[in-house]
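To keep things clear, I will list the structure first and then write my remarks on it.
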Amino acid sequence: MEAEMVAVGAMPSGLHILLEAASERFRLPAKQFNVGDTLAHALVHTLTRAGLDDLPALRTWSVPAPAWAGAHLYTSHLVFIPQHQVGALPEPARGFQWTPVTQALATVPGPREHQLITAAHAMTRWLVEHTAAAIGLCAELFTLAELRSVVEAVLGVRLDPGNFHRKHTGAGHVVATGEHTRRSSGRPAELYQAAPQQAPDPFGTRIDFIPTHLNTADRSSDLS
């Protein structure tokens, strides 16, 4: 069984997919399940190889796609990567690259991976449009302008700043921290964070862990 990861990140130019070089081609990152592996271990192992091992929490959604390919069983999950970690990958991330969705579809060779990327793209757009999931594509602390830029990148539209501010502060999924930042020119902008989760996430499985404290060689604790 193989655990595939469709990691997505928002850049100003649009949604990007993380691809990994394998046998002179690029494919979706994946890890073969070993005895005692959990989904959490498999995904953390893949993120660590890509140099993305300091995420405070991982939120995944199962991506609908054919589970069988020949005699091989796959499980595929969509993972949101915060914006500040998308772009130039740190060492030792050789062999990984962020690729725009349309380019990724032209790069990966198999129809099954095409379907996974297409399904992940559609699922990401739906989640960002209808839920507070875009917060998962931001840093832990973010300005509303940064959150708006993520939503715009995913949906490919321009949003009115005033309406966006009223909608998201009124909905209760963001909380002001009382801190301000000068990340861009102009007056200091207020920093927000995600509101505490009030109910189970109806859109998928949430797995919370500290990747830097998770020893992927230790199979004693089941985090799934």
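The values are calculated or read from the model by the stated rules, or taken from the named source; none is laboratory data. Keep in mind it's a predicted model, so treat the numbers as computed, not measured. Cβ sites come from the backbone with ideal geometry, for glycine too, and all protein chains shown count toward neighbours. Areas reflect the complete protein model, heavy atoms only, side chains present, ligands, DNA and RNA absent. Shrake-Rupley method; radii C 1.70, N 1.55, O 1.52, S 1.80 Å.
So SER13 fits all but one of (1) open to solvent by 40 Å² or more (accessible area, probe 1.4 Å); (2) at pLDDT below 85; (3) of a type in the set (Ser, Thr, Tyr); what number is the exception?
With (1) open to solvent by 40 Å² or more (accessible area, probe 1.4 Å); (2) at pLDDT below 85; (3) of a type in the set (Ser, Thr, Tyr) applied to SER13, the lone miss is (2).
Can you tell me how many residues in region 21-50 are part of a strand (DSSP E or B) and touching a Leu at 6+ places or on another chain (Cβ under 7 Å)?
Result for region 21-50: 2.
Restricted to region 152-171, and to residues that are open to solvent by less than 40 Å² (accessible area, probe 1.4 Å) and in contact (Cβ under 8 Å) with a residue 60 or more places away in the chain, which residue is farthest from VAL6 (Cα to Cα)?
As a first pass, look at region 152-171 and keep what is open to solvent by less than 40 Å² (accessible area, probe 1.4 Å): 152-155, 162, 164, 168.
Adding the requirement that they be in contact (Cβ under 8 Å) with a residue 60 or more places away in the chain leaves 153-154.
Working: ALA153: 18, VAL154: 15 Å.
Taking the candidates together, the pick is ALA153.
Could you pull out the residue among VAL174, VAL79 that is of a type in the set (A, V, I, L, M, F, W, C) and within 22 Å of SER62 (Cβ to Cβ)? Break it down into steps so the answer makes sense when it comes.
Numbers: VAL174 fails: within 22 Å of SER62 (Cβ to Cβ).
Within the list VAL174, VAL79, the selection yields VAL79.
Could you please let me know if ALA57 is more than 25 Å from VAL154 (Cβ to Cβ), open to solvent by less than 40 Å² (accessible area, probe 1.4 Å) and either modelled with pLDDT of 85 or more or out of contact with any Ser or Thr (no Cβ under 6 Å at 6 or more places or on another chain) (or both)?
For ALA57, the condition - more than 25 Å from VAL154 (Cβ to Cβ), open to solvent by less than 40 Å² (accessible area, probe 1.4 Å) and either modelled with pLDDT of 85 or more or out of contact with any Ser or Thr (no Cβ under 6 Å at 6 or more places or on another chain) (or both) - is not met.
Return the only residue of SER184, SER224 being outside any helix (DSSP H, G or I), within 23 Å of THR48 (Cα to Cα) and modelled with pLDDT under 90.
The conditions single out SER224.
PRO109 versus (1) under 23 Å from HIS77 (Cβ atoms); (2) modelled with pLDDT of 90 or more; (3) open to solvent by 50 Å² or more (accessible area, probe 1.4 Å); (4) not aromatic (Phe, Trp, Tyr): which is the lone unmet condition?
Only one criterion in (1) under 23 Å from HIS77 (Cβ atoms); (2) modelled with pLDDT of 90 or more; (3) open to solvent by 50 Å² or more (accessible area, probe 1.4 Å); (4) not aromatic (Phe, Trp, Tyr) is unmet by PRO109, namely (2).
Tally the residues that are in a helix (DSSP H, G or I), surrounded by fewer than 16 Cβ atoms within 10 Å (Cβ to Cβ), of a type outside the set (Lys, Arg) and in contact (Cβ under 8 Å) with a residue 12 or more places away in the chain, restricting the search to region 116-144.
Count: 2.
Name the pairs: first residue in region 1-20 and free of Cβ contacts under 8 Å to residues at least 24 places away in the same chain and closer than 17 Å to VAL44 by Cα, second residue charged (D, E, K, R) and part of a loop (DSSP other than H, G, I, E, B), Cβ to Cβ under 9 Å, at least 6 apart or on different chains?
Hits for this filter: zero, empty list.
Just one of the numbered conditions (1) more than 13 Å from the chain's Cα centre (by Cα); (2) within 25 Å of ALA194 (Cα to Cα); (3) modelled with pLDDT of 85 or more; (4) of a type outside the set (Asp, Glu) is not true of PRO100; which one?
Going through (1) more than 13 Å from the chain's Cα centre (by Cα); (2) within 25 Å of ALA194 (Cα to Cα); (3) modelled with pLDDT of 85 or more; (4) of a type outside the set (Asp, Glu) one by one, PRO100 breaks only (2).
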